[in-house]
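What follows is a single structure, written as structure tokens, with notes after it.
The values are calculated or read from the model by the stated rules, or taken from the named source; none is laboratory data. Quick caveat: nothing in here was measured; it's all calculated off a predicted structure. Neighbour counts run over all protein chains shown; Cβ positions are idealised from the backbone, glycine included.
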Amino acid sequence: MTSPAYLAMRERVLAAIAANPSIGPNSPAMLERMNDPARDCSFEELGFDSLARMEFCIFLETEFGITLTSGEVETRPSINAMAAYLAGESAAG
Amino acid sequence: MNLLVEHFMACRTPADFYRLQILTECDATPNDIASLSRYRTMLPPEVSAWSENIRAMMFMQAKTVQPFRRELISRNVALYTTRNGQDAPRDLLLAFCGLADRLQVPVPVVLQHLDGSRFDVLLLRDPSKRIYLQGVPEYAPDLGLVAERIRRDIDLAGYRSVRSIGTSGGGWASFTVGAMLGAERAVSMSGKPPGPTFHLVRMWEKRGYSLNDQHADFAIFERLYGSIAVRSTRLLAFFGADHQPDRDGAEAFEQLVGAVGIGFRGVDHHNLMFDILKRKLLATFFDRYLTGDLDEIVPPPGERLLDFSSLEPPAARPDLGTTGRQALNAS
């Protein structure tokens with residue numbers, strides 16, 4: 001999945017992760033995986049908890065005007081799944 | 001109507017709700033959460049579900065609401081007390097939040113598991129996310145000055161004793177300020193000392209925080225830790241025994257300041273407080289390690305990895321009255 005809309009949303013998801021005060025540091029290997037659109041990384045691996053999900057939603061709404069609920073984050077539990085959801089695309093596509 | 005309920009009803013977007021939820025988890029008293037619960041039918045379903053979840057966490061072990069009220073001392077410092085002017089001598093608990101401005105679990109949950117008839121709680125946080133390297137914003141610019149400011153703001157002589165606790169990035173602040181104020185004991189939960197060898201430095205840099213020479217004089221820490229180690233405060237560094245970074249942090253505290261590292265087996269993540277809470281042992285943990293006899297609770301060398309079964313709850317608890325916990329260990 002490499003549509004411009006998807007890649008743009010993936011960048012926003014990464015920005016929201018980088019700005020999230022509730023998530024700890026990532027290993028270089030994980031950072032490399034996060035930044036590679038061909039690969040994926042689950043929010044669980046990144047240490048997302050309920051607080052991190054709320055911070056994620058707040059950032060997306062504040063910075064990009066994207067309204068998202070914590071429940072929607074829970075049901076799209078990875079960078080690529082969330083990017084696809086925000087881009088209006090099927091994660092399997 | 002309760003002011004907090006009004007604020008929630010004024011929220012319009014998920015982000016509005018989440019901001020207020022986070023603030024509530026970092027600031028609220030147990031009574032605030034109980035009030036939200038009373039008005040839950042007037043709240044949006046997701047907010048109601050969240051407040052009921054916090055309420056459920058509050059009542060994991062204790063049933064009577066601890067009637068703490070919050071007295072703001074500075075923007076990032078608040079005193080929680082149940083004092084009514086006719087109390088027996090109390091202990092002051094300094095509580096240093098971690099990066100998320102809470103004590104690994106929401107503040108009202110922690111307060112509810114403390115004995116409000118015994119403790120006043122001075123809650124401090126560093127929302128700049130510099131883990132107190134520059135003190136507490138808008139209060140004092142380094143931890144030495146934080147200790148001095150507390151001496152000015154709080155009548156320490158009016159307390160029976162001072163104790164401290166800090167979670168994660170607040171662990172070293174608990175040790176440092178606790179020792180400076182002559183605390184009887186200081187506790188770190190999943191904490192680690194700042195220093196050039198620790199991954200926290202890389203995390204700050206990754207997030208764009210400057211660590212210029214002024215803020216990265218790590219020789220300061222060597223001097224500071226040397227001064228802490230010779231003080232009388234007993235330092236207890238708790239960690240998840242199966243979480244290597246926190247195990248390393250506790251070992252570093254042992255080497256640097258003579259702390260006693262105590263690990264709980266079966267915890268393979270950073271949030272030790274939540275693990276204790278979900279096992280319905282948080283009040284028991286506080287009773288033992290914040291108020292218990294130090295000679296009895298500090299395990300001997302070589303026996304410092306514990307099972308949660310070591311936190312056996314007492315068979316029966318005394319009725320502590322209207323400010324106390326009356327029904328511990330209820331399911």
Which ones in the range A:50-71 are over 15 Å from A:TYR85 (Cβ atoms) and either assigned to a loop (DSSP other than H, G, I, E, B) or in contact with a Gly (Cβ under 9 Å, 6 or more places away or on another chain) (or both)? A:GLY65
For B:LEU4, indicate whether it is more than 14 Å from chain A (Cβ to nearest Cβ) and in a helix (DSSP H, G or I). yes
Return the pair list, or none, for Cβ contacts closer than 8 Å from residues in the range B:26-52 that are closer than 20 Å to B:VAL110 by Cα to residues that are charged (D, E, K, R) and assigned to a helix (DSSP H, G or I), at least 6 apart or on different chains. B:ILE33/B:ARG55; B:ALA34/B:ARG55; B:LEU36/B:ARG55; B:SER37/B:GLU52; B:SER37/B:ARG55; B:SER51/B:ARG40; B:GLU52/B:ARG40
Would it be correct to say that B:ASP91 is at positive phi, of a type outside the set (Gly, Ala, Ser) and buried (at least 18 other Cβ atoms within 10 Å of the Cβ)? no
Selection from the range B:22-53 of residues assigned to a helix (DSSP H, G or I), within 14 Å of chain A (Cβ to nearest Cβ) and farther than 18 Å from B:LEU123 by Cβ yields B:PRO45, B:GLU46, B:VAL47, B:SER48, B:ALA49, B:TRP50, B:SER51, B:GLU52, B:ASN53
Using the structure shown, decide if A:ARG39 is within 14 Å of the chain's Cα centre (by Cα), outside any helix (DSSP H, G or I) and either basic (Lys, Arg) or at the interface with chain B (Cβ under 8 Å from one of its Cβ atoms) (or both). yes
Taking the range B:150-186 and keeping only residues that are aliphatic (A, V, I, L, M) and part of a helix (DSSP H, G or I), one is left with B:ILE150, B:LEU156, B:ALA157, B:ALA173, B:VAL177, B:ALA179, B:MET180
Which of the residues spanning the range B:8-21 are surrounded by fewer than 20 Cβ atoms within 10 Å (Cβ to Cβ) and assigned to a helix (DSSP H, G or I)? B:MET9, B:ALA10, B:ASP16, B:ARG19, B:LEU20
What single numbered condition from (1) among the hydrophobic types (A, V, I, L, M, F, W, C); (2) under 20 Å from A:GLU74 (Cβ atoms); (3) away from chain A (no Cβ under 14 Å) fails to hold for B:VAL65? (2)
Give B:GLU296, B:GLU303 a once-over and let me know the one that is part of a loop (DSSP other than H, G, I, E, B) and modelled with pLDDT of 85 or more. B:GLU303
Looking only at the range A:41-51, which residues are at negative phi and either surrounded by fewer than 16 Cβ atoms within 10 Å (Cβ to Cβ) or modelled with pLDDT under 90 (or both)? A:SER42, A:GLU44, A:GLU45, A:LEU46, A:PHE48, A:ASP49, A:SER50, A:LEU51
I'd like to check something: does the range B:111-125 contain any residue that is under 16 Å from B:THR291 (Cβ atoms), assigned to a strand (DSSP E or B), in contact with a helix residue (DSSP H, G or I) (Cβ under 7 Å, 6 or more places away or on another chain) and not assigned by TED's automatic domain parsing to the domain that holds B:LEU20? yes
Which of (1) charged (D, E, K, R); (2) under 15 Å from B:GLU254 (Cα atoms); (3) at pLDDT below 65 is the odd one out, the single condition B:ARG231 does not satisfy? (3)
All positions within the range B:10-43 that are more than 22 Å from A:ARG53 (Cα to Cα) and of a type in the set (Ser, Thr, Tyr): B:THR29, B:SER35, B:SER37, B:TYR39, B:THR41
Identify the residue in the range B:262-293 that is in contact with a Pro (Cβ under 9 Å, 6 or more places away or on another chain) and modelled with pLDDT of 90 or more and, among all such residues, is surrounded by the fewest Cβ atoms within 10 Å (Cβ to Cβ). B:LYS280
Does A:GLU32 satisfy the criteria of being more than 9 Å from chain B (Cβ to nearest Cβ), surrounded by 13 or more Cβ atoms within 10 Å (Cβ to Cβ) and not hydrophobic (A, V, I, L, M, F, W, C)? no
Out of all the residues in the range A:13-29, which are crowded, with 21+ Cβ neighbours inside 10 Å and away from every other protein chain (no Cβ under 11 Å)? A:VAL13, A:ALA16, A:ILE17
